[in-house]
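Scroll down for the structure; my scribbles are underneath it.
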Amino acid sequence: MSQAFAARYSITYVEDKGSGVWEVTGKIYDDGFTSYTAIDVATGDVFVDESAFYGTTNRWVITSIISASGRDLVCQVVWDDTGTADANGPQPSEAAIGRPDASGDIMEIPTQAFAKISENVQTRLQNIDSRKNIGPGLGGGSVTFKAGISPNGTRDGVNDTFTLPSGNYTAGTITVYLNGLQYDQSNIVESSPYNSFQISGDTLPIATDSLRINYIEA
């Protein structure tokens, strides 16, 4: 039987680095037989924090690891939730951290028994994950396909153009994920009749990469 990284991230300090990037300091805790520590954390892992002061809960994705030693973890993150980004950033709290698969789905939820994650944070992590999987609202759709494979994607050396296998999306509603990490919305160029889009000014996929598209159906 396999297991995926899941633990508690006890956040003690957060610094705003600008442009939506936050540097987070804290400790990783796991009392299970896996005994995960900070060195088990990887870029692309996500966590959900909570703020009693603001009354908010958000999902964040790790974009770089500054240092990892024993339980001590310092990393940089960006917002990875649905709706409008929280300008207050991650908050000092007992956050739930886990590893998504290639499509962005959380593979295992940290537990109260081993990670000592509160029931509220567990529930929030599951609910946020479900919202991202289902798509952005009523009539939402989600599709995952390999990049660079005709007819879904074509490469011209500068941009990648991708067409949904079926159906159209409502303009302004698509979000695009490369191997589970969300593209900057400003780098997604929509194309009428809104069954295709381009990726411009960002990491271009290769044929073995996975692209996941969430959207509201037209």
Practice problem: Run residue 188 past the list (1) under 30 Å from residue 36 (Cα atoms); (2) modelled with pLDDT of 80 or more and report the number of the one that doesn't hold. | Solution: (1)
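Look at residue 47 and say whether it is surrounded by 18 or more Cβ atoms within 10 Å (Cβ to Cβ) and either touching a Pro at 6+ places or on another chain (Cβ under 6 Å) or at pLDDT 90 or above (or both).
Numbers: surrounded by 18 or more Cβ atoms within 10 Å (Cβ to Cβ): yes; either touching a Pro at 6+ places or on another chain (Cβ under 6 Å) or at pLDDT 90 or above (or both): yes.
Yes, satisfied.
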Practice problem: Assess whether residue 108 counts as being at pLDDT 70 or above and not assigned by TED's automatic domain parsing to the domain that holds residue 94. | Solution: no
Practice problem: Inspect all residues belonging to the range 74-92 and state whether any of them is aliphatic (A, V, I, L, M), assigned to a strand (DSSP E or B), in contact (Cβ under 8 Å) with a residue 60 or more places away in the chain and in the same structural domain as residue 110 (by TED's automatic domain parsing). | Solution: no
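Among the residues of the range 145-155, are any within 22 Å of residue 78 (Cβ to Cβ), modelled with pLDDT under 65 and not assigned by TED's automatic domain parsing to the domain that holds residue 52? Don't jump to the end; show me each part of the working.
Just the residues of the range 145-155 that are within 22 Å of residue 78 (Cβ to Cβ), to begin with: 147.
Okay, now just the ones that are also modelled with pLDDT under 65, so 147.
When the remaining residues are screened for being not assigned by TED's automatic domain parsing to the domain that holds residue 52, the result is 147.
Yes - at least one qualifying residue is present in the range 145-155.
If you take the residues in the range 1-41 that are assigned to a loop (DSSP other than H, G, I, E, B) and over 15 Å from residue 99 (Cα atoms), which one is nearest to the chain's Cα centre (by Cα)? Lay out the reasoning, then the answer.
First, the residues of the range 1-41 that are assigned to a loop (DSSP other than H, G, I, E, B): 1-5, 19-20, 30-37, 41.
Then drop every residue that is not over 15 Å from residue 99 (Cα atoms), which leaves 1, 19-20, 31-33, 35.
Numbers: 1: 25, 19: 17, 20: 14, 31: 25, 32: 25, 33: 27, 35: 24 Å.
By that ranking, first place goes to 20.
The values are calculated or read from the model by the stated rules, or taken from the named source; none is laboratory data. Note that the structure is predicted; figures quoted are calculated from it, not measured. In this analysis, Cβ positions are derived from the backbone assuming ideal geometry, glycine residues included, and neighbour counts consider all displayed protein chains.
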